[in-house]
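Asks: One structure follows; several queries about it will come next.
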């Protein structure tokens with residue numbers, strides 16, 4: 001088994017525990033995220049802004065790689081019990097960060113939770129220095145996990161009906177409510193935005209959890225929406 005295939009298998013195995021043992025999954029994902037960013041930029045001495053940092057797993061991983069880590073999160077409940085220095089509550093659609101001040105702007109699985117994904121992407125570009133990196137990944141709507149806890153019913157019923165079914169089954173609404181805190185973000189739309197956005201150029205796009213050869217799936221409309229699962233975009237700022 002090649003190292004890249006082993007990486008994919010390990011990520012998918014870890015993902016199976018996302019609901020039952022979130023710490024196990026997110027520690028693994030944070031370590032993998034650091035390795036993915038380091039393919040493009042050294043993190044030693046870099047200032048990293050994590051948009052949607054959540055609990056401290058990513059902070060630990062990026063700081064261990066030598067980065068100065070800052071995080072923005074819209075939900076105080078998602079932060080660690082004692083948020084570390086540089087972690088603040090704010091909106092991904094209006095980052096409280098000055099222009100061109102960040103070396104690496106990173107976000108994992110947040111884009112599908114904002115009402116205007118293009119604006120969030122533009123904000124990440126705005127705060128990143130020329131030559132800096134924007135590393136953005138998100139859960140694809142038509143993938144098997146696009147509906148989050150309402151999956152796979154979002155594929156059969158649509159977002160709103162899947163949420164209603166979840167509430168009937170469990171006696172309470174899902175954490176991620178379609179149209180309020182969960183939105184349908186698609187591969188084709190995200191690629192079109194990344195290829196045409198002002199202030200940055202797309203240097204890489206591929207399914208996040210799959211081996212590098214899977215990037216060829218992105219050339220096939222329809223198939224890419226189902227098979228990508230999670231899309232990773234890497235942009236270099238001008």
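Asks: Taking the residues in the stretch 79-93 that are buried (at least 17 other Cβ atoms within 10 Å of the Cβ) and within 21 Å of residue 139 (Cα to Cα) as candidates, determine which candidate is modelled with the highest pLDDT.
Replies: Here the answer is 92.
Asks: Quick one: is residue 157 free of Cβ contacts under 8 Å to residues at least 40 places away in the same chain and under 25 Å from residue 15 (Cβ atoms)?
Replies: On the way: free of Cβ contacts under 8 Å to residues at least 40 places away in the same chain: yes; under 25 Å from residue 15 (Cβ atoms): yes.
Criteria met by residue 157.
Rundown of residues vs (1) at pLDDT 95 or above; (2) within 15 Å of the chain's Cα centre (by Cα); (3) over 29 Å from residue 6 (Cβ atoms); (4) part of a strand (DSSP E or B), yes/no style:
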site: 34; (1), (2), (3), (4): yes, yes, no, no
site: 44; (1), (2), (3), (4): yes, no, no, no
site: 50; (1), (2), (3), (4): yes, yes, no, yes
site: 55; (1), (2), (3), (4): no, yes, no, no
site: 60; (1), (2), (3), (4): no, no, no, no
site: 63; (1), (2), (3), (4): yes, no, no, no
site: 66; (1), (2), (3), (4): yes, no, no, no
site: 77; (1), (2), (3), (4): no, no, yes, no
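Asks: Could you identify the single residue in 155, 93, 191, 164 that is over 23 Å from residue 55 (Cβ atoms) and assigned by TED's automatic domain parsing to the domain that holds residue 55? First the steps, then the outcome.
Replies: On the way: 155 fails: assigned by TED's automatic domain parsing to the domain that holds residue 55; 93 fails: over 23 Å from residue 55 (Cβ atoms); 164 fails: assigned by TED's automatic domain parsing to the domain that holds residue 55.
The match here is 191.
The values are calculated or read from the model by the stated rules, or taken from the named source; none is laboratory data. The structure displayed is predicted, hence computed values, not measured ones. Heads up, the Cβs are rebuilt from the backbone with ideal geometry, glycines too, and the neighbour counts pull from every protein chain shown.
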